[in-house]
1. Can you name every residue in the stretch 17-37 that is over 12 Å from residue 98 (Cβ atoms) and touching a helix residue (DSSP H, G or I) at 6+ places or on another chain (Cβ under 9 Å)?
2. Count, please, the residues in the stretch 35-92 that happen to be assigned to a loop (DSSP other than H, G, I, E, B), in contact with a strand residue (DSSP E or B) (Cβ under 6 Å, 6 or more places away or on another chain) and without any contact (Cβ under 8 Å) to a residue 24 or more places away in the chain.
3. Checking the structure you have, find out if any residue of the stretch 110-120 is in a helix (DSSP H, G or I), over 23 Å from residue 55 (Cβ atoms), modelled with pLDDT of 95 or more and in contact with a helix residue (DSSP H, G or I) (Cβ under 7 Å, 6 or more places away or on another chain).
4. What about residue 137, is it at pLDDT 95 or above, at positive phi and either under 13 Å from the mean Cα position of the chain (by Cα) or not in a helix (DSSP H, G or I) (or both)?
5. I'd like to know if the stretch 149-167 contains one or more residues that are modelled with pLDDT of 70 or more, within 19 Å of residue 28 (Cβ to Cβ), within 15 Å of the chain's Cα centre (by Cα) and assigned to a strand (DSSP E or B).
6. Might you check whether a residue that is under 14 Å from the mean Cα position of the chain (by Cα), outside any helix (DSSP H, G or I), within 16 Å of residue 133 (Cβ to Cβ) and modelled with pLDDT of 95 or more occurs anywhere in the stretch 12-28?
7. If I ask for residues that are farther than 15 Å from residue 134 by Cα and in a loop (DSSP other than H, G, I, E, B), which ones from the stretch 93-108 would you list?
8. Within the stretch 168-181, work out how many residues are at pLDDT 95 or above and buried (at least 16 other Cβ atoms within 10 Å of the Cβ).
């Protein structure tokens, strides 16, 4: 992350925007349950908002430096795990809900983004929701903010098919200005399905 981008993401302005607008909009109508996972929290503005809601919260973050910062700022109430979200160290069906905010475009390739989506599906319990937001990535200012950074925009129109390929159902994408929100559900276990095939 370049210096300008880091300054924005660690600013009070961004923290206020996240609390008042981004997280409420991203999770409107979504129930993540009581054992939640956040992928790629970065500086932790979204994590602070999630930590103030009901249930336990685990975050997975690639950067060791960001993990140290998150542990220092958030204390012992949040489980901070340093790991690659394309190969997460969690059991299958572990979490009741999974979320990520404005981070998919930081994953360095479409293939790795698809692996992250598949991992989100793997660690999510049947019937659980995966939700979040990202930037459309076409604006000039947005691209300037990412000079020297990883920037692989996720097209909102292509995301439903990618979510379905990752194992989700009922994907919904809604755009607003230069951002979009998404949500999809992991299929529930069918009662008539033999246990050996689950």
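The values are calculated or read from the model by the stated rules, or taken from the named source; none is laboratory data. The model shown is predicted, which means the values in this text are computed figures rather than measured ones. Here the Cβ is made from the backbone with ideal geometry for all residues, glycine too, and neighbour counts use every protein chain on show.
1. Hits for the stretch 17-37 are 17, 18, 19, 22, 23, 24, 26.
2. Final tally of qualifying residues: 1.
3. Yes, there is a match, as at least one residue in the stretch 110-120 is in a helix (DSSP H, G or I), over 23 Å from residue 55 (Cβ atoms), modelled with pLDDT of 95 or more and in contact with a helix residue (DSSP H, G or I) (Cβ under 7 Å, 6 or more places away or on another chain).
4. no
5. no
6. Within the stretch 12-28, one or more residues are under 14 Å from the mean Cα position of the chain (by Cα), outside any helix (DSSP H, G or I), within 16 Å of residue 133 (Cβ to Cβ) and modelled with pLDDT of 95 or more.
7. Those that are farther than 15 Å from residue 134 by Cα and in a loop (DSSP other than H, G, I, E, B): 93, 94.
8. Residues meeting the conditions: 5.
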